[in-house]
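All remarks here apply to the structure that follows.
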Number of protein chains: 2
Amino acid sequence: MKINVIRNVMEANERAAEDVRHLTSEAGVKLVNVMGSPGSGKTTLITELVRELRKKKRSCGVIEGDIETMKDAELMAGLDIPVVQINTSVFGGQCHLEASWILTALNQLPMKNLDVVFVENVGNLVCPAEFDIGADLSIAVLSVPEGVDKPAKYPLMFRTVEVVALTKSDVEAVFDYSREELNRSLHAVNGNAELVYVSAKTGDGMVQLISSILGYLGLDADA
Amino acid sequence: MKINVIRNVMEANERAAEDVRHLTSEAGVKLVNVMGSPGSGKTTLITELVRELRKKKRSCGVIEGDIETMKDAELMAGLDIPVVQINTSVFGGQCHLEASWILTALNQLPMKNLDVVFVENVGNLVCPAEFDIGADLSIAVLSVPEGVDKPAKYPLMFRTVEVVALTKSDVEAVFDYSREELNRSLHAVNGNAELVYVSAKTGDGMVQLISSILGYLGLDADA
């Protein structure tokens, strides 16, 4: 008989990620992993996406990853959607989310009623990219004020994702932002990533981002 | 005879941090650990600090921590100061710097000629705060666009430092920034942290920040 040995934390995580994929696929739920630096605008972006998807009759849930505080979860709950908070302080203040925690969180959501579950990962451009959480789509959120060199400096994150949302695009002029330089930096590490500039303030780019997300999730057709 | 056992990575790091403190104190060099999110403005701030300290006849070296790329080190070398680059990709892409790497880096700097060595830690609000690198002073760099809630959400970082540099203060109006809310969020986790708003663009606050740093390092008197 083959003995099942889990050799290390990454192997354990990979197995849990498989379990997540199985669970969400059975339930007909799409899982979206939203990653980015602290203050890049992940919470605001997810809030907007949930609102827009509601207009398209797609219902969403959210799993909030934070080291401490319930702030983001409380904000999401205000949208009247199901939310589970994971505080990594109970896991020693980890800098990322692991697939096994996502599994637990999913089981606390009314999955049968949901189309999409957004995971807001811990604010960090490094560690979350190392842990597969079993998502159907991964999005990197990079805000304009962070600058154009981040894909070169944090390549794993930008290699891991299908979509890059460039947030706070309304302040491009203030920061003398160069879209060309960002393109160069991004495409050097990931030639396939879809890049969408958005502004939660003006609403710019949101239609394109939603349509791109629904395309990746195979949810293009009307619900 | 007492047997010396290093039980885990944190204990090993603590011993290396003691070695760093011994080495820098012997050499008469002050070590400053600069931490903050990707894009918060650490590199620009250190560049400005090096320039200002030069005017005060204080000579600086820099240890650059990045996961990949030599970009920041090349920029620093352009200031005609000694620079050592640590790329954590050789250590599995670690999200922080460890004291033993600082020890190695220090030994490659001409310490006898230096007054201050700045360490630019990996861009990350989580992991660097967990590793004591033996610094005489720790500074958190938090940019205005990141928002006012970061101290509450990343408490260990803001509890660890003596000084918080609020960068990009020239865009406060664009982001409807509230200094009061930032104060509340910061002082809930660290009542002693000195808070200085700076802008590399306008130069605002730089005199105050330099004077505060020199005070902490005991270098107030003229060189």
**Q.** Top-ranked residue of the range A:61-79 - restricted to ones that are more than 12 Å from chain B (Cβ to nearest Cβ) and in contact (Cβ under 8 Å) with a residue 24 or more places away in the chain, ranked as surrounded by the most Cβ atoms within 10 Å (Cβ to Cβ)
**A.** A:62
Q) Name the residues in the range A:9-42 that are within 28 Å of residue A:167 (Cα to Cα) and either assigned to a loop (DSSP other than H, G, I, E, B) or within 14 Å of chain B (Cβ to nearest Cβ) (or both), would you? A) A:29, A:35, A:36, A:37, A:38, A:39, A:40, A:41, A:42
(Q) Yes or no: the range A:112-132 includes at least one residue that is in contact with a Cys (Cβ under 6 Å, 6 or more places away or on another chain), in contact (Cβ under 8 Å) with a residue 60 or more places away in the chain, closer than 19 Å to residue A:70 by Cα and polar (S, T, N, Q). (A) yes
Q) If residue A:95 passes every condition in (1) in a loop (DSSP other than H, G, I, E, B); (2) more than 23 Å from residue A:20 (Cβ to Cβ) but one, which one does it miss? A) (2)
Q. In the range B:140-174, which residue that is touching a Phe, Trp or Tyr at 6+ places or on another chain (Cβ under 9 Å) and more than 11 Å from chain A (Cβ to nearest Cβ) is surrounded by the most Cβ atoms within 10 Å (Cβ to Cβ)?
A. B:140
(Q) Can you say whether residue A:52 is within 28 Å of residue A:146 (Cβ to Cβ) and of a type in the set (D, E, K, R), as far as the supplied structure shows? (A) yes
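Over 23 Å from residue B:14 (Cβ atoms), in contact with a helix residue (DSSP H, G or I) (Cβ under 6 Å, 6 or more places away or on another chain) and crowded, with 18+ Cβ neighbours inside 10 Å, is that true of residue B:82?
Criteria not met by residue B:82.
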Q. Where residues in the range A:49-60 are crowded, with 20+ Cβ neighbours inside 10 Å and more than 15 Å from the chain's Cα centre (by Cα), which of them is nearest to the other protein chains (Cβ to nearest Cβ)?
A. A:53
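Read-outs: derived from the displayed coordinates by stated rules, not from any lab. This structure is a prediction, so every number in the text was calculated from the model and none was measured. A quick note on method: Cβ atoms are made from the backbone with ideal geometry, for glycine too, and the neighbour counts reach across all protein chains shown.
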